Amino acid sequence: LGTSGRGAFVLGATVIGVVAAMTGGLTASTAYQVSNQKRDPGAVLVNGGSLAAALGALAIIAGIVAEQLLSGRPGVVALSVGASAAAVIITSVVSGVYLGHNALIRYNVALVLPPMLSLAAIAITTLALGRDTPGAALWAFAAGQWLAMPVLLGAGAITLVRRLRFEGSLAASMLRFSLLAGMSSAISYLNYRADALVVQRYEGTTGVGIYSIA
């Protein structure tokens, strides 16, 4: 990707990492409703999925806005970061349902499969296809995340489709829990990744590329 390109990729990955840290609260909230409150997995999936879809849409909208407002490489990669963040948010609900249902094999697949497919997609895009730009790499990351979705949902189709219904009170409860836990996780994540943002502020994406390797 080159020094500047790597810097842009690292910044994009940092933003996605913050979102992933925040979705830990949504995963925990989903698992809590299934395991402790004995809610039906299908009902929890619908309500948690509704929240995730709304948050994912906001992430994509934020990416579109940032693409228009930011200049240089950050603007180029903004939409792909938003698309990746949306997939991460939705996956967190599916993994939470599996965790709460004590389906630990499927839960671990939900943790491992998306990044594995993203890594494979990045390798194909940058090496096999020769599209070695940070934008292409981050779009490949997003593609891998979204490609994992049908597999994760299909793995628990029988469990997840039972008693599908939306309950406003359940969705509100999950949202409150997710916000509290998510903010805590995001702050913890930023404690050891904020340095990349500081370097970008003073040295630009080229500085981030050098710093990330050093």
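The values are calculated or read from the model by the stated rules, or taken from the named source; none is laboratory data. Since the structure is predicted, the reported quantities are computational estimates derived from the model, not experimental observations. Heads up, the Cβs are rebuilt from the backbone with ideal geometry, glycines too, and the neighbour counts pull from every protein chain shown. Ligands, DNA and RNA are stripped out before the accessible areas are found, and what is left, the full protein with its side chains, is counted by its heavy atoms. Shrake-Rupley method; radii C 1.70, N 1.55, O 1.52, S 1.80 Å.
So which of Val44, Val81, Val93, Val88 ends up being of a type in the set (Val, Ile, Thr) and either free of Cβ contacts under 8 Å to residues at least 24 places away in the same chain or more than 15 Å from Trp146 (Cβ to Cβ) (or both)? Write out each step before concluding.
Numbers: Val81 fails: either free of Cβ contacts under 8 Å to residues at least 24 places away in the same chain or more than 15 Å from Trp146 (Cβ to Cβ) (or both); Val93 fails: either free of Cβ contacts under 8 Å to residues at least 24 places away in the same chain or more than 15 Å from Trp146 (Cβ to Cβ) (or both); Val88 fails: either free of Cβ contacts under 8 Å to residues at least 24 places away in the same chain or more than 15 Å from Trp146 (Cβ to Cβ) (or both).
Exactly one residue qualifies, and that residue is Val44.
Looking at the structure I just gave you, is Pro134 touching a Lys or Arg at 6+ places or on another chain (Cβ under 7 Å), over 24 Å from Gly24 (Cα atoms) and touching a residue at least 24 places away in the same chain (Cβ under 8 Å)? It would help to see each step written out before you state the result.
Details: touching a Lys or Arg at 6+ places or on another chain (Cβ under 7 Å): yes; over 24 Å from Gly24 (Cα atoms): yes; touching a residue at least 24 places away in the same chain (Cβ under 8 Å): yes.
Yes, satisfied.
Would it be correct to say that Arg162 is open to solvent by 70 Å² or more (accessible area, probe 1.4 Å), modelled with pLDDT under 70 and out of contact with any Leu (no Cβ under 9 Å at 6 or more places or on another chain)?
On the way: open to solvent by 70 Å² or more (accessible area, probe 1.4 Å): yes; modelled with pLDDT under 70: yes; out of contact with any Leu (no Cβ under 9 Å at 6 or more places or on another chain): yes.
Yes.
Determine whether the range 94-107 contains at least one residue that is of a type in the set (D, E, K, R), over 22 Å from Ala142 (Cβ atoms) and open to solvent by less than 40 Å² (accessible area, probe 1.4 Å).
So the first thing to find is which residues in the range 94-107 are of a type in the set (D, E, K, R), and the list is 106.
Add one more test, that the residue is over 22 Å from Ala142 (Cβ atoms), and what stays is 106.
From the residues that got through so far, the ones that are open to solvent by less than 40 Å² (accessible area, probe 1.4 Å) too are none.
Scanning the range 94-107 turns up no residue that is of a type in the set (D, E, K, R), over 22 Å from Ala142 (Cβ atoms) and open to solvent by less than 40 Å² (accessible area, probe 1.4 Å).
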Residue count, the range 41-85 (criterion: of a type in the set (S, T, N, Q) and under 19 Å from Pro134 (Cα atoms)):
4
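For the range 5-43, how many residues meet the condition of being touching a His at 6+ places or on another chain (Cβ under 6 Å) and outside any helix (DSSP H, G or I)?
Qualifying residue count for the region: 0.
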Being open to solvent by less than 60 Å² (accessible area, probe 1.4 Å) and in contact with a Leu (Cβ under 7 Å, 6 or more places away or on another chain) is the filter here; which residues of the range 49-70 pass it?
Leu51, Ala52, Gly63
If a residue has to be of a type in the set (S, T, N, Q), in contact with a Gly (Cβ under 9 Å, 6 or more places away or on another chain) and closer than 19 Å to Leu153 by Cα to count, how many in the range 71-92 make the cut?
2
Of the residues that make up the range 123-131, is at least one under 18 Å from Val10 (Cα atoms), part of a loop (DSSP other than H, G, I, E, B) and out of contact with any strand residue (DSSP E or B) (no Cβ under 9 Å at 6 or more places or on another chain)?
yes
List the pairs whose first member sits in the range 102-113 and is at pLDDT below 85, whose second member is surrounded by 11 or more Cβ atoms within 10 Å (Cβ to Cβ), and whose Cβ atoms are under 7 Å apart, counting only residues at least 6 apart or on separate chains?
Ala103/Gly156
